[in-house]
Each structure stands twice: as C-alpha cells, then as structure tokens.
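To start, the structure itself, in structure tokens.
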Amino acid sequence: IPRLRSLLLAMARYLPLDSPQDIFYLKVSEIREMTQNTMNAYKIKALREFIQSRKYKRRIAHRLGTEDKNRLEALELSGYAASKGEALGKVRCIRRSEDLKHLQAGEVIVTDYFEPFWEQALTQAGGLILELGGALSHGAMLARQYNIPAVAGVKGALNSLKNGLIVRLDGNTGNIQAYQAEALERSEAWVTSE
C-alpha cells in the first residue's frame, strides 16, 4: 500500500488537481478518464467541485456522532420529510428567479416556495429545502419526481441558512444540519483518518 500511495501521489502531479492529495478522492475510472481524455476548463472545474463535495462528506461523516469535546458544532433545523434520501452540499438560497443562474451542480436549494417554472433547476440540485408547504407541495412532488432529497416546512430556513454553508439534509426524517465550510477546512485531521 505505501508503494501504491507514492505512485498515485507521483501521478497526481501531472493531473489538474488543487493538491496531490486530491487523487485519493477519485475512483479508478475517474483517474483513467482524466489521463486518457482531454480535460477542458469546464470539466476541470466540475471535477474540483466534485472532489470538494467528497471531502466535505468524509469530514462530516468521520466527525458526526463522536462524544469528544472538540465535536463540530452544527446548526440544526427540522421540517417535514418530503422526498426520501440524504444530501450533503453547499447551500444556494433562491429568493427570486435570477438567483438560479448561480446554482452549481450538487448544491442544495433553499427557498420559501418552489415556482413551477424553476423545475429545470432540479436537474442540477443535490437537494431541496422549502420554508413553506409540506409533503404534498409542488416543490416536494417535483423533488420526488427528480429523485432528490427534500425537506419542507422548515421555518426560518432562508434566514438561518446562508450561501456557502455546508448542509446535510435527511429527506427520510426531515432533519437538517448546517456547518461552516471554514470549520471543515481547518479540520484536516478528518481527512487523514479513515
């Protein structure tokens, strides 16, 4: 394993990664695609965002549920379970239609209600948090149709959750935890332990 690790780190120097350590967040098929196909700026940006989301997932997964005093603090919200599944991603607050142009793949949409003509945004979204409505609201039904996790009826979601927070939502229970991205970045120990 140490030889394989050093080989991967050597290979990572020739790949468009932010850090050589990022290669450990990729699957073999993804590394193969990077080495065999040409990478344009769009593919590189999407890859970096994908690696970043895997880092957050791993950091939070390793830290949640521990009993030690250094446990990461989370903002906790709850609502109605609207569409099954779990999501972890950056918050994107949508207050009006123009905000949708800033939506990145995998981000969790936070809005007060979901307009019918916003449906196309759900192809990119990683999850949906609605301040109003319930399991039978239009947004919740669309989330189920697009198979993305959703929580509805989360009072004060737009005031509590800001763009850039990392949110973990559970569409099965209606529970939401939000974390500061900076706090996750400072805790590199979460990444090194597996």
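The values are calculated or read from the model by the stated rules, or taken from the named source; none is laboratory data. In this text the structure is predicted, and so the values were computed from the model without any measurement. FYI the Cβ positions are ideal-geometry reconstructions off the backbone, even for glycines, and counts take in every protein chain you see. Keep in mind that these areas ignore ligands, DNA and RNA; they rest on the heavy atoms of the full protein, side chains included. Shrake-Rupley method; radii C 1.70, N 1.55, O 1.52, S 1.80 Å.
Calculate how large, on average over all directions, the projected area of the Cα convex hull of the stretch 112-155 is; give the answer in nm² to one decimal.
One quarter of the hull surface, i.e. the mean projection, equals 2.5 nm².
With 26 Å as the limit, write out which pairs from Lys43/Lys155; Lys90/Lys155; Lys45/Lys101; Lys55/Lys162 have Cα-Cα distances beyond it, or answer none.
Long pairs (Cα-Cα over 26 Å): Lys43/Lys155.
How much accessible surface area, in Å² rounded to 10, belongs to the heavy atoms of Tyr113 with a 1.4 Å probe?
110 Å²
Can you pull the accessible area of Met39 for me, 1.4 Å probe, Å² to the nearest 10?
Rounded to the nearest 10, the figure is 50 Å².
Tally Lys/Arg at +1 and Asp/Glu at -1 over every other residue whose Cβ is under 15 Å from the Cβ of Gln124; what's the total? Please report the intermediate quantities before stating the final value.
Working: positive: Lys45, Lys90, Arg92, Lys101; negative: Glu49, Asp99, Glu107, Glu119.
Residues close to Gln124 contribute a combined charge of 0.
On the full set of protein chains, 1.4 Å probe, figure out the accessible area of His138 and give it in Å² to the nearest 10.
Roll a 1.4 Å probe over it and His138 shows about 80 Å².
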